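Trainee: First the structure, which I've put down as structure tokens, then a few questions once you've had a look.
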Amino acid sequence: MHSEHISMSREEFDRMPRRLGWKHEYYGEQAHITPSYRVVSVRLTIQEARTLALPDGCRRRSPREEDRAGLEDLFVQSFYGVADFCDYDETMVRQAAETSLSDFYRKPRNAAWRAARCCECSGDLVGAALTSGREAAAYLELLMVAPQCRRQGLAGALLRAALNRLRREGYETLQSRYFLANEVSGAWHRKQGFEEWPDLFLTEHRLHHAECELDRLLQAGASAVELNLWQNHSSRLRRQAKAMREVADRDGLAAVLPPRANHAALPLGCRRDRE
């Protein structure tokens with residue numbers, strides 16, 4: 001995936017729909033569209049999960065020390081070309097893989113780390129849900145699926161296997177994060193039951209996007225139905241932001257922001273270079 005740089009007039013740029021989670025800038029007689037790298041922090045209450053079958057010929061197991069090279073390959077297959085690594089070439093994604101996997105293998109080999117699960121098919125690693133944790137908090141560090149194994153329920157199956165192990169070890173919540181620009185990741189997290197942490201800054205970002213879109217649609221003479229949808233959406237976000245501001249004024253800003261520990265659940269190369 002690459003940023004977009006489109007030649008157009010200022011008037012055309014003002015009429016362009018804005019994509020949530022992306023920056024839209026105009027200079028040099030071009031529209032420049034790049035990921036904003038805005039992060040969504042989510043959590044999942046750990047409950048007993050039904051074990052899901054893997055694709056034929058595959059088996060799940062714990063990661064091993066000798067899996068590092070295979071997991072780096074899987075990282076590149078999983079993340080090359082997605083919004084998280086927009087404008088990265090394969091070498092840069094490989095470097096991010098080395099950094100992220102080195103960090104994972106350096107973490108304490110506690111119960112949360114041992115809950116991680118890989119999927120092996122015909123001797124190749126084709127999926128992984130890598131978890132870690134400290135004290136009572138567990139984190140989904142990396143979720144990776146090889147392109148040829150996608151849309152077969154593999155990610156969900158690995159997640160459930162890790163959740164069941166975490167539950168037996170006494171963990172109650174699994175935390176994760178994803179970039180707002182990565183719509184596929186967002187949809188997957190919602191499907192699995194993850195819920196967003198309260199986040200004032202993210203809410204205000206969504207409100208700004210909604211108000212910009214509403215203004216653009218008004219200028220474009222959009223239908224009453226479409227305008228009503230965006231007006232209701234903007235009003236809902238405005239109420240949410242107002243309520244969060246009141247909580248922040250009363251209890252402090254930390255009360256309406258995700259915990260900082262959630263920072264762990266993004267590929268390291270992406271955090272370090274782009275956030």
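Read-outs: derived from the displayed coordinates by stated rules, not from any lab. Source: prediction; values computed, not measured. Positions of Cβ are generated from backbone atoms using ideal geometry, with glycine treated the same way; all protein chains shown enter the neighbour counts.
Trainee: Whole-Hz ³J(HN,Hα) for each residue in the range 30-43, computed from phi via Karplus 6.51 cos²θ - 1.76 cosθ + 1.60 with θ = phi - 60°, x for glycine and proline: what do you get?
Mentor: Per residue, the Karplus-derived 3J(HN,Hα) values read 9, 8, 10, 10, 9, x, 7, 6, 6, 9, 10, 9, 9, 8 Hz.
Trainee: What GluC sites (Glu not before Pro) in the range 44-115 are in a loop by DSSP, with at most 11 other Cβ atoms within 10 Å of the Cβ? Kindly include the intermediate steps, with their values, before the conclusion.
Mentor: Details: sites: Glu48, Glu65, Glu66, Glu72, Glu90, Glu98; in loops: Glu48.
Answer by residue number: Glu48.
Trainee: Contact order normalised by length for the range 198-257, with contacts defined as Cα pairs under 8 Å and 6 or more residues apart; what percent is it? It would help to have the intermediate numbers written out before the result.
Mentor: Details: 37 pairs, mean separation 29.5, N = 60.
It rounds to 49 percent for the range 198-257.
Trainee: What's the center-to-center distance, using Cα atoms, between the range 7-48 and the range 94-111 in Å?
Mentor: That distance is 30 Å.
Trainee: Which order do the peptides 157-164, 236-243 come out in when sorted by mean C-beta neighbours inside 10 angstrom, highest first?
Mentor: On the way: 157-164: 23.2, 236-243: 14.9.
Ranking the peptides 157-164, 236-243 by packing returns 157-164, 236-243.
Trainee: Additional query: Going by alpha carbons, how many degrees (0 to 90, nearest 10) lie between the helix axis of 90-106 and the longest principal axis of the chain?
Mentor: 50
Trainee: For the chain, divide the Cα radius of gyration by the Kirkwood radius and give the resulting Rg/Rh value with two decimals.
Mentor: On the way: Rg = 20.6 Å, Rh = 20.4 Å.
When Rh is taken as the Kirkwood radius, the ratio is 1.01.
Trainee: Please arrange Arg168, Arg18 by how many other C-beta atoms lie within 10 Å of their C-beta, fewest to most.
Mentor: Working: Arg168 12, Arg18 15.
Ordered from fewest to most neighbouring Cβ atoms within 10 Å, Arg168, Arg18 come out as Arg168, Arg18.
Trainee: Something else about it: Rounded to the nearest 0.05, what FRET efficiency do Met8 and Lys191 give with R0 = 51 Å and r taken as the Cβ-Cβ distance? Could you check? Mind dumping the intermediate values first?
Mentor: Working: r = 36 Å, r/R0 = 0.71.
That pair, Met8 with Lys191, gives E of 0.90.
Trainee: Then there is this: When the helices in the chain are scored as -39500 (n - 2.57) per DSSP H run of 4 or longer and the sum is shared across all residues, what 222 nm value do you end up with, to the nearest 500 deg cm²/dmol? Before the final figure, lay out each step's value.
Mentor: Numbers: 9 runs with 119 residues, N = 275.
Mean residue ellipticity at 222 nm (helix-derived): -14000 deg cm²/dmol.
Trainee: Okay, moving on. With everything on Cα atoms, drop me the angle between helix 200-220 and the longest principal axis of the chain, reported from 0 to 90° to the nearest 10.
Mentor: That works out to roughly 40 degrees.
Trainee: Right, another one. Which cross-chain or sequence-distant (5 or more) residues have an amide H under 5 Å from the amide H of Glu141, H modelled 1.01 Å from N in plane?
Mentor: Leu130, Thr131, Ser132
Trainee: Oh, and also: Using a cut-off of 12 Å between beta-carbons, work out the net charge of the residues near Glu226 (Lys and Arg +1, Asp and Glu -1, Glu226 not included). Write out the running numbers ahead of the final one.
Mentor: Details: positive: Arg216; negative: Glu213.
Neighbour charge sum, excluding Glu226 itself: 0.
Trainee: With θ set to phi - 60°, apply the Karplus curve 6.51 cos²θ - 1.76 cosθ + 1.60 along the range 165-181 and write out the HN-Hα couplings as whole Hz, x wherever there is a Gly or Pro.
Mentor: Once rounded to whole Hz, the list reads 5, 4, 4, 5, 8, x, 6, 10, 9, 10, 9, 8, 8, 8, 7, 4, 5.
Trainee: Now for a separate question. Please state the relative contact order of the chain as a whole percent: Cα pairs under 8 Å, 6+ residues apart?
Mentor: Numbers: 453 pairs, mean separation 66.6, N = 275.
It comes to 24 percent, rounded to a whole number.
Trainee: With 10 angstrom as the radius, rank Val145, Val76 by how many other C-beta atoms surround their C-beta, starting from the fewest. Working shown, then result.
Mentor: Details: Val145 22, Val76 18.
By the 10 Å Cβ count, ascending, the order reads Val76, Val145.
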